[in-house]
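Asks: Submitted below is the structure of interest, expressed as structure tokens.
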Amino acid sequence: MGAMGFGYRWTLLAVVAFMVAGALLYGRSSEAATAYDSEELQFLQLINEYRQNNGLQPMILSDTLTLTSDRHSEDMAKYDFFAHDTVRSSYYPAGSRPWDRMAVDGYDYNTYRGENLAVGYETAEEAFEAWRNSPSHNAAMLDGNYKVVGISRLIVPGSGWGSYWTTDFGGVVDPSSHRANEAPKPKEPKAEVPAPQPIEPKPAVPAPKPKVTVPEAPEPAVAKPKPTKPQDLGGIENGALEDATIWRQSAKDGADLILPGGVARLGDYADGRDELSQVLQVNRGAKITYKVKVISEERENPADRLRVRLTDGKGETLTLLKVHDGADVEGWQRVTLDVSRYSGSAVRLNFSAVMDDERLTTFLIDDVALRTQ
């Protein structure tokens, strides 16, 4: 636990956050019932069956946490980012963390809180399996401190990722909490005050934003996520390069960059342009490691280059981490690069090779990983 009364327990490949913190004293609560679509209710069933099979109590829905989940999913789709910390928002200050957003919406208890994110999955089963296969997300789903959950699935055709899942967890059963087939329990009236008669809602108090629902029949504009769609598993997935899953690859000559046997080959042809990349979430103390081997005819004045970069969602370079060329011909080398300055950010790790039309250079890449101290 950290000092000053705030404790962070990051157990992610950097996308699950836990916190025990003093209550934040601003914001408002949401106690009105929220409509859940069939996939969200299916996810609740899946995670609760999973918890019970592992000896844990099931969670119930919190409409307040769902409001927070909905708003964060909406922000990520609208402002084209993918991260736990708010980059831009229609509801929260920039830089807000999951527990900050929960507090703004009224879930400001001094308890455990956490969040899982996923993009590119339409169905509950797909999102659940992705989280279950990620150690950090799996730990969140099986955390016995959590009693309530907010669930949001948002489909936005034409957006950066197409589909967005946000689940927010909490350790206190708040007044908006209820089972899937029940409405939230009304607050108990004070003993000295008679039960109030039903009245019309005050116009000055806005109702919670209606939940976005999606028809069960798939819309033609919403394509099923491709097997190679980047996943919110935080670290570098398929770093052993066993197949093309997860990695985005492009080559000027149209060749596959990831070869059978678990290695990526960039270059090895004249006037080439190759690129291999995937999304990752950078955690505190993060370092990227990989193995590289350069085979080149350009020992002197090499022109062919392999650049290792971090880019943003629009492909703009955030930082150039490393450059390899023909002078690096020494067999396989293990490279370690510090990326901790981008802690809390979603970025794209990019290997890009540019070759001239003269002597050939081949860049082999293997065993890519994101590690924390």
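The values are calculated or read from the model by the stated rules, or taken from the named source; none is laboratory data. No experiment lies behind these values; they were computed from the predicted model shown. Note that we place each Cβ from the backbone using ideal geometry, even for glycine, and neighbour counts take in every protein chain shown. Remember, those area values only see protein heavy atoms, side chains included, never the ligands or the DNA or RNA. Shrake-Rupley method; radii C 1.70, N 1.55, O 1.52, S 1.80 Å.
Asks: Do the conditions hold for residue 47, that is, is it over 17 Å from the mean Cα position of the chain (by Cα), of a type in the set (Val, Ile, Thr) and either buried (at least 20 other Cβ atoms within 10 Å of the Cβ) or modelled with pLDDT under 95 (or both)?
Replies: It is true that residue 47 is over 17 Å from the mean Cα position of the chain (by Cα), of a type in the set (Val, Ile, Thr) and either buried (at least 20 other Cβ atoms within 10 Å of the Cβ) or modelled with pLDDT under 95 (or both).
Asks: Looking only at the range 128-142, which residues are out of contact with any Asp or Glu (no Cβ under 9 Å at 6 or more places or on another chain) and buried (at least 20 other Cβ atoms within 10 Å of the Cβ)?
Replies: Here is the first cut: in the range 128-142, the residues out of contact with any Asp or Glu (no Cβ under 9 Å at 6 or more places or on another chain) are 128-129, 132-133, 135-136, 138-139, 141-142.
Result: 128, 136, 141.
Asks: Can you tell which of 353, 369 is under 28 Å from residue 119 (Cβ atoms), over 26 Å from the mean Cα position of the chain (by Cα) and either open to solvent by less than 20 Å² (accessible area, probe 1.4 Å) or without any contact (Cβ under 8 Å) to a residue 24 or more places away in the chain (or both)?
Replies: 353 is the lone residue from the list that is under 28 Å from residue 119 (Cβ atoms), over 26 Å from the mean Cα position of the chain (by Cα) and either open to solvent by less than 20 Å² (accessible area, probe 1.4 Å) or without any contact (Cβ under 8 Å) to a residue 24 or more places away in the chain (or both).
Asks: Mind checking which strands (runs of 3 or more DSSP E) fall wholly inside the range 329-373 and carry at least 1 residues that are of a type in the set (Gly, Ala, Ser)? Break it down stepwise before answering.
Replies: On the way: elements: 333-338, 346-354, 361-372.
Answer list for the range 329-373: 346-354, 361-372.
Asks: Of the conditions (1) part of a loop (DSSP other than H, G, I, E, B); (2) at pLDDT 90 or above; (3) surrounded by fewer than 21 Cβ atoms within 10 Å (Cβ to Cβ), residue 205 clears all except one; give me its number.
Replies: Result: residue 205 passes all but (2).
Asks: Now for a different question. Against the definition (more than 27 Å from residue 161 (Cα to Cα), surrounded by fewer than 20 Cβ atoms within 10 Å (Cβ to Cβ) and without any contact (Cβ under 8 Å) to a residue 24 or more places away in the chain), how does residue 323 come out, yes or no?
Replies: It is true that residue 323 is more than 27 Å from residue 161 (Cα to Cα), surrounded by fewer than 20 Cβ atoms within 10 Å (Cβ to Cβ) and without any contact (Cβ under 8 Å) to a residue 24 or more places away in the chain.
Asks: Counting only residues that are touching a helix residue (DSSP H, G or I) at 6+ places or on another chain (Cβ under 9 Å), give me the strands (runs of 3 or more DSSP E) lying completely in the range 272-325 with at least 2 of them.
Replies: 286-296, 305-311, 317-324
Asks: Going by the conditions given, is residue 93 out of contact with any Leu (no Cβ under 9 Å at 6 or more places or on another chain), within 26 Å of residue 343 (Cα to Cα) and open to solvent by less than 30 Å² (accessible area, probe 1.4 Å)? First the steps, then the outcome.
Replies: Numbers: out of contact with any Leu (no Cβ under 9 Å at 6 or more places or on another chain): yes; within 26 Å of residue 343 (Cα to Cα): yes; open to solvent by less than 30 Å² (accessible area, probe 1.4 Å): no.
Here the answer is no, as residue 93 does not meet what is asked.
Asks: Let me ask another. Write out, first by first residue and then by second, each pair whose Cβ atoms fall under 9 Å of each other, whose residues are 6+ apart or on separate chains, and whose first residue, in the range 58-85, is without any contact (Cβ under 8 Å) to a residue 12 or more places away in the chain while the second is small (Gly, Ala, Ser).
Replies: 79/89; 79/90
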